[in-house]
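> I'd like to ask some things about the structure below.
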Amino acid sequence: MKESKDVKINPLDIEVEVKSLNYMGLIAGTIQDINLVEKIDKLLPLNTEKGVVTTNGQRVSAMIMNGLGFMNDRLYMVQEFFNDKPMEKLFNSEVKAEHFNDDALGRALDSIYEYGTTKFFANISYAIGIELNLIGNTARHDTTSISVTGAYNELAAEQKDEYNEDFSLEYGHSKDHRPDLKQFILGLTTTGVANFPIWLEVLSGNESDKKSFHETKQKIEKFQKEIKYPHKLIFILDAAFYNKEKLISYTDSQWITRVPGTVKEVRKILEKEDDISTWIEIDSNYRYRIEMQKYGDVTHKWKIVYSKDAHKKELITLQKKIEKLRKEALKKINQLMKEDFRCSKDALKAGKKLSKKLKYFNLEYKDKKGAVKMKKEIDDSGKKHEEIEIFRLDINLVDDNKAQEKARNKAGKFIIATNITDTAELADKDMLASYKSLSGTEKGFKFLKDSSFHASSVFLKTPGRIQALMTIMTLCLMIYNIAENRLRTNMKKANETLPNQVKKEVKNPTFKWIAQMMRSIAVTYCYDGDGNFLKASVSNVNKIHKKIINLFGGAAIRIYEIE
């Protein structure tokens, strides 16, 4: 957009148009600085000779900006989202809001799906992660379920590349607590201090973590070999990954996981009485001790961890559970004591059956013999009933002190396992922190399922587009984390701070708060009385805004016209 030559114009004849730039300049700047459009267009090229105005890279970028709009708009309302945005700032002067219509965006989603959603995302993420040095030494993987509403084609989505399995919407274990809805499973792997997402999978709604975790590990390793990535990653996964036989076979991989409390060896270790004061102290809350587990030539390291805070909470929870079970047991005992049995053996059998169901209690009981006359009842033949003997139980509920003590011993304790036994590679004290870094992936799920993102319920035409949409949403997470990490890193280098929501200076603001602070920034366009363009300028930029933009650096400085 060119400014007109200098002419004298009556200020009263000037017409003004205002478009909202807000923090979108930081998002667009990030996209431009990492050459995201070019990377996508290389994978999903379009023939521009056929009159195509926007490329797949620009369409994906538009959906990312829309997704990071925090506007409670659905991701497919992209054209409306850009109607009041300065397109020449975010894209170029040729791109208009109407170019991002449903048809254009749908074709972009189809192109991602046809290429293969996992392969597409991995090619983009590894390229960017390597360039920005955001790939750490660990791969933190987890899954979540996302419910869908509406009617879908019953045929499963099929992809024939080596990283995507056939996919279908199914009923399954719902982590959203919506068993009434069909769902799909989203698998996400993050790495490094920026919680940078490097791997994405969209799986069928009834997929099991115990199966998919191991398959995902193998796919990531295969992909890294194909792109000749030089470093092996340490895989960090939750307890569903623990399978002793499979883990023993992973002699060429490194992993850290939590051992389920259902494993027999774990129950023995955690339930026995132990002198916690002799364990190695990590901090005021955590202590640990190490046990080595040998399986033939293979050795695994188990770190038994004790948390003082968790111990207190779990003891309170345990006592409430015991009292609840006590009330339930007494109710069942009262019902059983009213039952009549024809022989002592049947009575004792019923008592033993109840006793087996009691987790923290035992029964003290004896049969009670009595005689009852049944003379009032007469059968069809007119014969009176004879007197019969009946047996009733006399039961007392007593605490199973041994079982309750074992449960108390377990409180606040858990076990982390790894096959990295060399302390030079992974110090004993660092095992817990490494495992807890899995929370970075959980934060990614929280971001993707935020109510402002409208990802908790998805409605698209086909299962294939659902897979592609999840790729877009995970790219949103990638751009968000890159932008936040970039700002925090530059602030640390410059030893700078920014005010948070309560005006306190902090060194680690969230990008969402930065977005809130920059919501007033706009681009003002001036026209003469005949509608001829005069000039455009970025307005409402205060000192804090300038500080943020300068700390951010890169293309953002040009977009916001900061000198």
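> With a 10 Å Cβ neighbour count serving as the proxy for reagent exposure, in which order, fewest first, do Thr497, Thr317 appear?
Values: Thr497 14, Thr317 11.
With the sparsest Cβ surroundings first, the list reads Thr317, Thr497.
> Using the structure shown, list the pairs from Lys324/Lys359; Lys19/Lys512; Lys228/Lys449; Lys244/Lys301; Lys429/Lys493 with a Cα-Cα distance above 23 Å, or answer none.
Lys228/Lys449; Lys429/Lys493
> For the range 260-420, max minus min Cα coordinate along each principal axis, in Å, sorted largest first?
Projected onto its principal axes, the Cα set of the range 260-420 covers 83, 37, 23 Å.
> Local charge sum around Phe511 (other residues, Cβ-Cβ under 12 Å, Lys/Arg +1, Asp/Glu -1)?
Numbers: positive: Arg486, Arg488, Lys512; negative: Glu484.
Combined, the nearby Lys, Arg, Asp and Glu give +2.
> For Tyr23, Tyr306, Tyr171, Tyr525, what's the fewest-to-most ordering of other Cβ within 10 Å of each Cβ?
Numbers: Tyr23 24, Tyr306 21, Tyr171 13, Tyr525 17.
Result, fewest neighbours first: Tyr171, Tyr525, Tyr306, Tyr23.
> Within a Cβ distance under 13 Å of Arg267, other residues only, what is the Lys/Arg minus Asp/Glu net charge? Walk me through the numbers on the way to the answer.
Numbers: positive: Lys264, Lys268, Lys272, Lys406, Lys410, Lys413; negative: Glu265, Glu271.
Cβ neighbours under 13 Å give a net charge of +4.
> Next question, about the same structure. With each pseudo-label sitting 7 Å past Cα toward Cβ, what's the Asp102-Ser277 distance in nm, one decimal?
7.1 nm
> Obtain the nm distance between the two label points defined at Asn532 and Asp297 by a simple spin-label model: each point lies 7 Å from its Cα along the Cα-to-C-beta direction.
With each label placed 7 Å out from Cα toward Cβ, I get 8.6 nm.
> Between Gln218 and Lys264, what is the label-point separation in nm under the 7 Å Cα-to-beta-carbon projection?
Each label point is offset 7 Å from its Cα along the Cβ direction, giving 2.7 nm.
> State, as an integer percentage, the relative contact order of the range 260-420 based on alpha-carbon contacts under 8 Å between residues 6 or more apart. Don't jump to the answer; show the numbers that get you there.
Details: 224 pairs, mean separation 50.9, N = 161.
The normalised contact order for the range 260-420 reaches 32 percent.
> Provide the FRET efficiency to the nearest 0.05 for the Ile227-Ser539 pair, computing r from the beta carbons and using R0 = 56 Å. Present the calculation step by step, with values, prior to reporting the outcome.
Working: r = 45 Å, r/R0 = 0.81.
The computed FRET efficiency comes out at 0.80.
> Can I ask one more? State the extension gain, in nm to one decimal, for the chain segment bounded by Glu389 and Trp513, taking 0.36 nm per residue of separation less the distance between their alpha-carbons. Show your work: numbers first, answer last.
Values: separation 124, 0.36 × 124 = 44.64 nm, distance 7.87 nm.
Once the chain is fully extended between Glu389 and Trp513, it gains 36.8 nm.
> Taking every pair of Cα atoms in the range 460-563, average 1/r, invert it to obtain the Kirkwood radius, and report Rg/Rh to two decimals.
Details: Rg = 18.0 Å, Rh = 16.3 Å.
Across the range 460-563, the Cα-based Rg/Rh ratio is 1.11.
> OK, next. Based only on Cα atoms, what Rg/Rh ratio does the chain have, Rh being taken as Kirkwood's radius?
That ratio is 1.13, to two decimals.
> Something else about it: What's the FRET efficiency of Lys359 with Asp84 using the Cβ-Cβ distance as r and R₀ = 51 Å, to the nearest 0.05? Please report the intermediate quantities before stating the final value.
Values: r = 62 Å, r/R0 = 1.21.
Result of the calculation: an efficiency of 0.25.
No lab work stands behind these numbers, since they all come straight from the coordinates. Bear in mind the structure is a predicted one, so any value in this text is a computation, not a measurement. Methodologically, a virtual Cβ is constructed for each residue, glycine included, from the backbone with ideal geometry; neighbour enumeration extends over all protein chains shown.
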